[in-house]
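Report on the following structure.
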Amino acid sequence: MNHTVASYLDPSNLGAWGTYLEQVDRVTPYLGHLSRWVETLKRPKRSLIVDVPIELDSGAIAHFEGYRVHHNLARGPGKGGIRYHPGVTLSEVMALSAWMSIKTAVVNVPFGGAKGGIRVDPKTLSRGELERMTRRFTSEINMMIGPQKDIPAPDVNTNGQIMAWMMDTYSVNQAHTTTGVVTGKPISLGGSLGRSDATGRGVFVIACEAYANAGFDISEARVAIQGLGNVGWEAARLFAQAGAKVVAVQDHSCSLYNPIGFNVPELLKHVSLAREIKGFAGEPLSASDFWAIPCDILVPAALESQITKDNANSIQAKLIVEGANGPTTPQADDILRDKGVTVVPDVIANAGGVTVSYFEWVQDFSSFFWTEDEINQRLDKIMIDAFKVIVDVANTHNVSYRTATFIVGCERILTAREMRGLYP
Ligand code: NAD
């Protein structure tokens, strides 16, 4: 490795960040004169590692490692979620922040890319401990965040309550209430109608567009979904409402198959009570057999790196719509392309959440709130228009939707970078 290259630029040892670097390398030949600036996408603008000490209920002191990364702010303030998970690392947060830069550019909302997280299993904490950890973390990253600087939101294992604590902590430190510092807040604190369903809704809207483009009717689709959390839940509900059959589901507890299609409202009712799909009627599948199930549309909506060279060959779906961030490795992408499987990448498919986060931020600034119908109509239009641009670029260059999406995102970020110029 060249000694001038920072260690986090080596794709061979970096999981999700390595995946992202390879995705950028693949689009660089399409960036024309902008490729001169491409290195800017391979380096986060700034990364902060913080120690988060709290007093546990037992009286002991615990220390957690937290992160906030600004990947790129060329197009506007940073935007990206906060993840609480024992697997959180700096390089994972870097990758997630970079995908936020691409995503916000693809749907053309005026944000850059950011992400944060704490390496913790929040299930081991009491509510009081969770609140103290969240407030201390918010104070530690105070210099990074603000409604004009960087606006966090929920991600895996964080929710509206955690955003409310973050907003309150920031506001107390500023000595005035600042609702626009986070999105995904409860409605009573300046949250937006439609925000909690927005990512799953966007996944469904894009799946309908892509399936129709391929010449098929969504009401006849058989769908398999990994993950029935914030994203998978609403997508499953809308697929079923449109007449599609949800034939396979997988979550952290097990995998289930029903060739004639699950009763989705009953399944979702079960999940809301049991917090898992285990216990619902269906043919049990092994985790690996889930990927090989006969279906038309596959929606990974759980974690990164789920579709790999080990299971990509067994996938029978015509279309994969990525609800999760980074669920497909570059090697799996190549296998799927060779098999003729269409993949709609995360950076457009799951952009519904950040789009309604943008609406929430705008509403907070103007203190004027829109109806849920207005939100959904504007969301659907932004998602469909963005996808049309990607389809055009994919056809023009004869490339995959992923490459086309990265071309659009990278061009917009690098154009902003070029126009701003370098200081000094
Ligand atoms: P969530 O925590 O609400 O749900 C996660 C789901 O994944 C749960 O059903 C869980 O059981 C399942 N899961 C966890 N581990 C699993 C495993 N090992 N195997 C199979 N399933 C497993 O999370 P979410 O908010 O729905 O986010 C899911 C993905 O979507 C993440 O990659 C997240 O970054 C991405 N995403 C979320 C949003 C959003 O608005 N929530 C927006 C964009 C992207």
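The values are calculated or read from the model by the stated rules, or taken from the named source; none is laboratory data. All values reported here derive from a predicted model rather than from experimental measurement. All Cβ positions, even for glycine, are placed from backbone atoms using ideal geometry, and neighbour counts span all protein chains on display.
Across the stretch 217-240, what is the total count of residues that are of a type outside the set (D, E), away from the ligand (no atom under 12 Å from the Cβ), within 28 Å of A287 (Cβ to Cβ) and surrounded by fewer than 24 Cβ atoms within 10 Å (Cβ to Cβ)? Total meeting the criteria: 6. The listed residues are A292, A281, A274, A301, and the only one of them that is within 25 Å of T104 (Cα to Cα) and of a type in the set (A, V, I, L, M) turns out to be A301. The set of residues in the stretch 347-403 being touching a Phe, Trp or Tyr at 6+ places or on another chain (Cβ under 8 Å) and β-branched (V, I, T) consists of V347, I348, V354, I375, I390, V391, V399, T403. Scanning the stretch 21-37 for residues being in contact (Cβ under 8 Å) with a residue 40 or more places away in the chain and within 25 Å of G116 (Cβ to Cβ) gives a total of 3.
Quick one: is F406 crowded, with 24+ Cβ neighbours inside 10 Å, in a helix (DSSP H, G or I), touching an Asp or Glu at 6+ places or on another chain (Cβ under 6 Å) and not assigned by TED's automatic domain parsing to the domain that holds L34? Break it down stepwise before answering.
Working: crowded, with 24+ Cβ neighbours inside 10 Å: yes; in a helix (DSSP H, G or I): yes; touching an Asp or Glu at 6+ places or on another chain (Cβ under 6 Å): no; not assigned by TED's automatic domain parsing to the domain that holds L34: yes.
Judged against the criteria, F406 is not a match.
Within the stretch 115-130, not a single residue is of a type in the set (S, T, Y), more than 14 Å from the ligand (Cβ to nearest atom) and crowded, with 23+ Cβ neighbours inside 10 Å.
Residues in the stretch 166-186 that are within 16 Å of the ligand (Cβ to nearest atom) and surrounded by fewer than 21 Cβ atoms within 10 Å (Cβ to Cβ): P186 only. Selection of the stretch 89-112 for residues being among the hydrophobic types (A, V, I, L, M, F, W, C) and assigned to a loop (DSSP other than H, G, I, E, B) yields V107, V109, F111.
Of the residues in the stretch 344-385, how many are crowded, with 23+ Cβ neighbours inside 10 Å and within 22 Å of the chain's Cα centre (by Cα)? Talk me through it step by step, then tell me what you get.
Taking the stretch 344-385 as the starting set, the residues that turn out to be crowded, with 23+ Cβ neighbours inside 10 Å are 344-361, 364, 375, 379, 383.
With the extra rule that they be within 22 Å of the chain's Cα centre (by Cα), the set shrinks to 344-361, 375, 379, 383.
Summing the residues that are crowded, with 23+ Cβ neighbours inside 10 Å and within 22 Å of the chain's Cα centre (by Cα) in the stretch 344-385 gives 21.
Scan the stretch 74-99 for residues that are in contact with a Lys or Arg (Cβ under 6 Å, 6 or more places away or on another chain) and under 20 Å from W361 (Cα atoms) and jot them down. Matches in the stretch 74-99: A74, P77, G80, S97.
Considering the stretch 54-75, the residues that are surrounded by 20 or more Cβ atoms within 10 Å (Cβ to Cβ) and among the small types (G, A, S) include one that is farthest from G112 (Cα to Cα), namely G66.
Go through the stretch 241-277 and give me each residue that's near the ligand (Cβ under 10 Å from one of its atoms) and of a type outside the set (S, T, N, Q).
Answer for the stretch 241-277, where residues must be near the ligand (Cβ under 10 Å from one of its atoms) and of a type outside the set (S, T, N, Q): V249, D251, H252, C254, V271, R275, E276, I277.
Report yes if some residue within the stretch 114-121 is free of Cβ contacts under 8 Å to residues at least 12 places away in the same chain, of a type outside the set (A, V, I, L, M) and not in a helix (DSSP H, G or I); otherwise report no. Scanning the stretch 114-121 turns up no residue that is free of Cβ contacts under 8 Å to residues at least 12 places away in the same chain, of a type outside the set (A, V, I, L, M) and not in a helix (DSSP H, G or I).
Answer yes if at least one residue in the stretch 310-328 is within 16 Å of the ligand (Cβ to nearest atom) and farther than 28 Å from V93 by Cα, and no otherwise.
Initially, the stretch 310-328 is screened for residues within 16 Å of the ligand (Cβ to nearest atom), giving 310-311, 315, 320-328.
Adding the requirement that they be farther than 28 Å from V93 by Cα leaves 315.
Looking through the stretch 310-328, at least one residue is within 16 Å of the ligand (Cβ to nearest atom) and farther than 28 Å from V93 by Cα.
Of the residues D373, D380, which single one is without any contact (Cβ under 8 Å) to a residue 60 or more places away in the chain and in a helix (DSSP H, G or I)? The unique qualifying residue is D373.
Inside the stretch 227-297, counting only helices (runs of 4 or more DSSP H) that do not spill past its ends, which hold 1 or more residues that are of a type outside the set (V, I, T), touching a residue at least 12 places away in the same chain (Cβ under 8 Å) and farther than 30 Å from V354 by Cα? Break it down stepwise before answering.
Details: elements: 230-241, 264-274, 287-291.
Where helices (runs of 4 or more DSSP H) fall fully within the stretch 227-297 and carry at least 1 residues being of a type outside the set (V, I, T), touching a residue at least 12 places away in the same chain (Cβ under 8 Å) and farther than 30 Å from V354 by Cα, they are 287-291.
Scanning the stretch 300-334 for residues that are surrounded by 17 or more Cβ atoms within 10 Å (Cβ to Cβ) and under 14 Å from E22 (Cα atoms) yields G326, T328, T329, P330, A332, D333. When restricted to residues that are touching a helix residue (DSSP H, G or I) at 6+ places or on another chain (Cβ under 6 Å) and within 12 Å of the ligand (Cβ to nearest atom), the stretch 278-296 contains 1.
What are the residues in the stretch 329-359 that are free of Cβ contacts under 8 Å to residues at least 60 places away in the same chain and not hydrophobic (A, V, I, L, M, F, W, C), if any? Before you say what the answer is, go through the steps one by one.
Restricting attention to the stretch 329-359, the residues satisfying the condition of being free of Cβ contacts under 8 Å to residues at least 60 places away in the same chain are 331-332, 334-336, 338-341, 343.
Q331, D334, D338, K339, G340 - these are the residues of the stretch 329-359 that are free of Cβ contacts under 8 Å to residues at least 60 places away in the same chain and not hydrophobic (A, V, I, L, M, F, W, C).
If you go through the stretch 268-286 and pick out every residue that is touching a strand residue (DSSP E or B) at 6+ places or on another chain (Cβ under 8 Å) and either modelled with pLDDT under 95 or among the charged types (D, E, K, R) (or both), you end up with 1. For the stretch 147-166, a residue qualifies if it is without any contact (Cβ under 8 Å) to a residue 40 or more places away in the chain and under 21 Å from the mean Cα position of the chain (by Cα), and the qualifying residues are N159, G160, Q161, M163, A164. Being in the same structural domain as L228 (by TED's automatic domain parsing) and modelled with pLDDT of 95 or more: is that true of G353 here? Judged against the criteria, G353 is not a match.
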